[in-house]
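Asks: Before I ask anything, here is the structure I am working with.
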Amino acid sequence: MIPCMTDSLLAPADIEALWLTLKLASVVTVLLLIISTPLALWLSDDDTSQTRNRSKVKGIVQAVIALPLVLPPTVLGFYLLIAFSPNSLLGQFSHAIGLGSLAFSFSGLVIASMIYSLPFVVQPLVNAFNAIGPRHAEAAATLGAGRWDTFRYITLPLARPGFITAGVLGFAHTVGEFGVVLMIGGNIAGETRVASVQIYDHVEALAYPQAHTLSAILLLFSFAVLLWVYARQPGNKEAKAWL
Amino acid sequence: MAVSGLTTRLRVRLEPFELSTDITLPAKGVSVIFGPSGSGKTTLLRAIAGLQPCDGDIWFNGDYWQGNGRYRKTAERPLAYVFQEASLFPHMTVSENLDFAERYTLRPGNASKRDDLIELFDIADLMSRRPDRLSGGERQRAAIARALLRQPDILLMDEPLASLDDARKHEILPYLERLKNEFELPIIYVTHSAYEAARLGDYIVALDKGEVVSQGELYDVISDPKFPGDISREAGTVVTGTVHCIDAKWHLAQIRTGSSALITVPANNLNPGDAVRLWIRASDISLSHEPLKENSISNSLPCQIEDIRHDPNPALMIIRLRTERIELITRITRQSASQLGLEPQMQMYAHIKTAALI
């Protein structure tokens with residue numbers, strides 16, 4: 001996965017941390033795209049009936065989804081730690097279904113990352129569905145297509161750019177996660193020690209060359225992702241010229 | 001309740017008024033829902049299609065679409081819909097758009113239909129193009145063909161020409177006429193254009209501020225001075241006839257509307273025997289006691305005054321005239337009516353300044 005020339009710079013523990021980061025971000029992105037799609041469809045649905053009651057509920061849901069954007073990761077991590085404790089409902093439930101303890105585990109990290117990255121996936125999808133508007137779905141209904149067919153053949157392909165943006169942002173944001181991981185994941189090699197935590201360890205141990213390498217990899221990755229996302233915005237020629 | 005046709009009894013809250021209708025449309029021909037913008041006509045059509053929530057009953061050919069404890073979703077109503085703006089799916093070619101409609105056709109196994117429609121709407125050359133590579137008129141032709149591929153029991157059309165410029169409108173109108181003449185398909189056609197209503201309609205429902213102000217057969221409604229819109233411009237008479245002969249020297253066609261009445265119009269591309277509709281505006285007819293010999297008006301018809309009414313404009317009168325086969329309305333000033341001494345049953349000559357072919 002990592003080219004040979006970096007072998008000298010990347011210790012096996014670094015590669016393990018990168019690999020874990022990749023795995024975590026992939027699992028989180030796939031799960032988030034699945035749960036965010038119906039959520040975003042509901043949030044973007046401007047059905048004229050019962051508009052008032054629904055828009056109130058929608059406002060609350062939108063605020064909750066956006067919380068990770070403003071909350072310190074430590075606050076989110078603290079509450080999750082409490083929620084994951086073996087005595088809590090969630091802790092008992094995860095034991096009952098055989099996931100074991102969620103705190104300081106990969107499963108716990110997945111759940112925490114999903115909450116943490118949710119707004120980055122939901123918002124691009126809401127924007128995409130709003131941009132499509134109700135017109136094409138109405139046309140499909142008048143041609144006899146049911147809800148599922150309309151979603152599969154009309155909404156999904158038209159919202160494809162939104163799905164790609166949502167996936168990329170969700171993935172990148174999960175890669176960049178640090179505070180929540182530290183709070184609820186701790187620092188267990190191969191289980192919860194992701195790249196951002198590994199960099200922190202290197203710096204604490206004054207291993208600057210290793211910290212440099214991992215940081216540079218994350219920096220380049222994040223910049224490439226953002227450049228790609230912005231270049232995809234229609235009419236953004238300056239960013240496109242770089243790709 | 002009628003045995004066939006579409007009956008609606010609807011209420012829709014529609015700021016700043018409420019759309020409230022109780023109408024029955026015939027099960028054949030073109031029913032035009034006519035009214036100025038904001039009159040609620042598109043809302044009515046959307047409610048019929050199930051795209052707009054409403055209270056009330058909708059009943060089509062013996063089947064409740066809404067009411068009597070039942071509600072059919074849009075996809076479950078045997079209709080097709082042509083939207084005002086282009087509604088082709090932008091990520092599909094024209095051909096794929098047609099495939100999509102064919103998947104849900106209400107009469108499977110009628111395979112020849114597709115080729116017929118492609119030919120009828122002249123879209124064979126457009127099949128592999130995406131909607132953004134089509135002109136407005138081409139898009140609308142493809143959208144109408146797509147709607148018909150569903151093989152619906154009724155076709156709803158929401159101002160299909162309103163987003164097109166005049167040249168494109170005249171490009172599409174002949175296709176709509178073919179659609180009307182070649183398919184035994186009831187059509188509900190929403191428009192704010194009296195011209196389109198007169199050219200295509202058989203039955204008219206005129207809406208204003210959410211209420212039905214008049215409804216009935218085209219010939220009755222459109223000559224009714226209560227017909228909404230800019231009355232002085234829009235009131236008029238639709239006359240049907242056949243082309244009697246063509247005067248090649250002057251490029252004129254004589255239209256026979258009865259055994260003797262002839263109306264002369266520019267020949268355009270007409271041929272003897274063609275069936276035509278003429279639109280004669282109330283303001284384009286004048287009256288005299290004697291036939292005029294020398295004037296620029298070439299159409300003079302003997303007629304009898306049916307009745308005389310006051311116009312909403314206090315300077316004008318509305319006169320209904322009956323000729324051998326056709327009924328005309330004219331709007332003249334009260335002053336001329338008084339000078340001519342007009343009375344019901346009086347024999348007069350009606351002079352038609354222009355008659356527009358529609």
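The values are calculated or read from the model by the stated rules, or taken from the named source; none is laboratory data. Bear in mind the structure is a predicted one, so any value in this text is a computation, not a measurement. Neighbour counts are summed over all protein chains in view; Cβ atoms, including those assigned to glycine, are modelled from backbone coordinates with ideal geometry.
Conditions tested, residue by residue: (1) free of Cβ contacts under 8 Å to residues at least 60 places away in the same chain; (2) touching a Ser or Thr at 6+ places or on another chain (Cβ under 9 Å); (3) over 23 Å from A:Ala159 (Cβ atoms).
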site: B:Ser87; (1), (2), (3): yes, yes, no
site: B:Leu106; (1), (2), (3): yes, no, yes
site: B:Arg114; (1), (2), (3): yes, no, yes
site: B:Ser128; (1), (2), (3): yes, yes, yes
site: B:Ser135; (1), (2), (3): yes, no, yes
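Asks: Return the residues of region A:94-106 that are modelled with pLDDT of 85 or more and surrounded by fewer than 16 Cβ atoms within 10 Å (Cβ to Cβ); say none if nothing qualifies. Give the steps one after another, and end with the answer.
Replies: Going residue by residue through region A:94-106, those that are modelled with pLDDT of 85 or more are A:105-106.
Hits for region A:94-106: nothing passes.
Results for (1) farther than 19 Å from A:Thr192 by Cβ; (2) free of Cβ contacts under 8 Å to residues at least 60 places away in the same chain, shown as yes or no for each residue.
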{"residue": "A:Phe78", "(1), (2)": "no, no"}
{"residue": "A:Phe84", "(1), (2)": "no, no"}
{"residue": "A:Gly91", "(1), (2)": "no, yes"}
{"residue": "A:Phe106", "(1), (2)": "no, no"}
{"residue": "A:Ser113", "(1), (2)": "no, no"}
{"residue": "A:Phe120", "(1), (2)": "yes, yes"}
{"residue": "A:Arg135", "(1), (2)": "yes, yes"}
{"residue": "A:Gly146", "(1), (2)": "yes, yes"}
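Asks: Scan region B:52-83 for residues that are crowded, with 17+ Cβ neighbours inside 10 Å and within 11 Å of another protein chain (Cβ to nearest Cβ) and jot them down.
Replies: If the condition is that a residue be crowded, with 17+ Cβ neighbours inside 10 Å and within 11 Å of another protein chain (Cβ to nearest Cβ), then B:Gln52, B:Cys54, B:Thr74, B:Ala75, B:Arg77, B:Pro78, B:Leu79, B:Ala80, B:Tyr81, B:Val82, B:Phe83 are the ones that fit.
Asks: I'm trying to understand the selection: among the residues of region A:173-206, which are farther than 15 Å from A:Ile15 by Cβ and without any contact (Cβ under 8 Å) to a residue 24 or more places away in the chain?
Replies: A:Asn187, A:Tyr200, A:Val203, A:Glu204, A:Ala205, A:Leu206
Asks: Condition first: on the phi > 0 side of the Ramachandran plot and either part of a loop (DSSP other than H, G, I, E, B) or under 27 Å from the mean Cα position of the chain (by Cα) (or both). Now tell me which residues in region B:58-82 satisfy that. Write out each step before concluding.
Replies: Going through region B:58-82, the residues on the phi > 0 side of the Ramachandran plot turn out to be B:61-62, B:67-69.
Across region B:58-82, the qualifying residues are B:Asn61, B:Gly62, B:Asn68, B:Gly69.
Asks: Can you give me the number of residues within region B:106-136 that are under 27 Å from the mean Cα position of the chain (by Cα) and either among the acidic types (Asp, Glu) or surrounded by fewer than 20 Cβ atoms within 10 Å (Cβ to Cβ) (or both)?
Replies: Of the residues in region B:106-136, 10 are under 27 Å from the mean Cα position of the chain (by Cα) and either among the acidic types (Asp, Glu) or surrounded by fewer than 20 Cβ atoms within 10 Å (Cβ to Cβ) (or both).
Asks: A follow-up question, please. Do we find a residue being part of a helix (DSSP H, G or I) and either more than 18 Å from B:Leu179 (Cα to Cα) or at the interface with chain A (Cβ under 9 Å from one of its Cβ atoms) (or both) anywhere in region B:109-129? Talk me through it step by step, then tell me what you get.
Replies: Residues of region B:109-129 part of a helix (DSSP H, G or I): B:112-120, B:124-126.
Checking the rest, the ones that are also either more than 18 Å from B:Leu179 (Cα to Cα) or at the interface with chain A (Cβ under 9 Å from one of its Cβ atoms) (or both) come to B:125-126.
The answer is yes, given that some residue of region B:109-129 is part of a helix (DSSP H, G or I) and either more than 18 Å from B:Leu179 (Cα to Cα) or at the interface with chain A (Cβ under 9 Å from one of its Cβ atoms) (or both).
Asks: For B:Glu85, work out the one condition from (1) within 23 Å of B:Lys169 (Cα to Cα); (2) assigned to a helix (DSSP H, G or I); (3) of a type in the set (D, E, K, R) it doesn't fulfil.
Replies: With respect to (1) within 23 Å of B:Lys169 (Cα to Cα); (2) assigned to a helix (DSSP H, G or I); (3) of a type in the set (D, E, K, R), B:Glu85 is out only on (2).
Asks: Also, I was wondering about something else. Give me the helices (runs of 4 or more DSSP H) completely within region A:77-183, filtered to those with at least 1 residues that are within 14 Å of another protein chain (Cβ to nearest Cβ), ordered by residue number. First the steps, then the outcome.
Replies: Details: elements: A:89-96, A:106-132, A:135-142, A:147-150, A:160-175.
It comes to A:106-132, A:135-142, A:147-150, A:160-175.
Asks: May I pose another question? Taking the residues in region A:49-76 that are within 14 Å of another protein chain (Cβ to nearest Cβ) and assigned to a helix (DSSP H, G or I) as candidates, determine which candidate is modelled with the highest pLDDT. Steps first, answer last, please.
Replies: Residues of region A:49-76 that are within 14 Å of another protein chain (Cβ to nearest Cβ), as a first pass: A:49-52, A:54.
Now drop any that are not assigned to a helix (DSSP H, G or I), which leaves A:51-52, A:54.
Numbers: A:Thr51: 53, A:Arg52: 56, A:Arg54: 68.
Within region A:49-76, the match that is modelled with the highest pLDDT is A:Arg54.
Asks: Can you name the residue in region B:22-41 that is surrounded by fewer than 22 Cβ atoms within 10 Å (Cβ to Cβ) and of a type in the set (S, T, N, Q) and is also nearest to the other protein chains (Cβ to nearest Cβ) among such residues? Spell out how you get there, then give the answer.
Replies: Just the residues of region B:22-41 that are surrounded by fewer than 22 Cβ atoms within 10 Å (Cβ to Cβ), to begin with: B:22-24, B:26-29, B:36-38.
Okay, now just the ones that are also of a type in the set (S, T, N, Q), so B:24, B:37.
Details: B:Thr24: 22, B:Ser37: 19 Å.
Going through the qualifying residues, I end up with B:Ser37.
Asks: Sticking with this one: State whether the residues of region A:160-175 include one that is touching a helix residue (DSSP H, G or I) at 6+ places or on another chain (Cβ under 6 Å) and over 19 Å from A:Leu226 (Cβ atoms).
Replies: For region A:160-175, residues touching a helix residue (DSSP H, G or I) at 6+ places or on another chain (Cβ under 6 Å) and over 19 Å from A:Leu226 (Cβ atoms): absent.
Asks: Select from region B:89-104 the residues that are within 10 Å of another protein chain (Cβ to nearest Cβ) and either under 12 Å from A:Ala139 (Cβ atoms) or touching a residue at least 40 places away in the same chain (Cβ under 8 Å) (or both) and list them in ascending order.
Replies: Within region B:89-104, B:Phe89, B:Pro90, B:Met92, B:Asn97, B:Phe100, B:Ala101, B:Glu102, B:Tyr104 qualify.
Asks: Run B:Ile23 past the list (1) outside any strand (DSSP E or B); (2) under 17 Å from B:Val213 (Cβ atoms) and report the number of the one that doesn't hold.
Replies: Just one mismatch for B:Ile23, condition (1).
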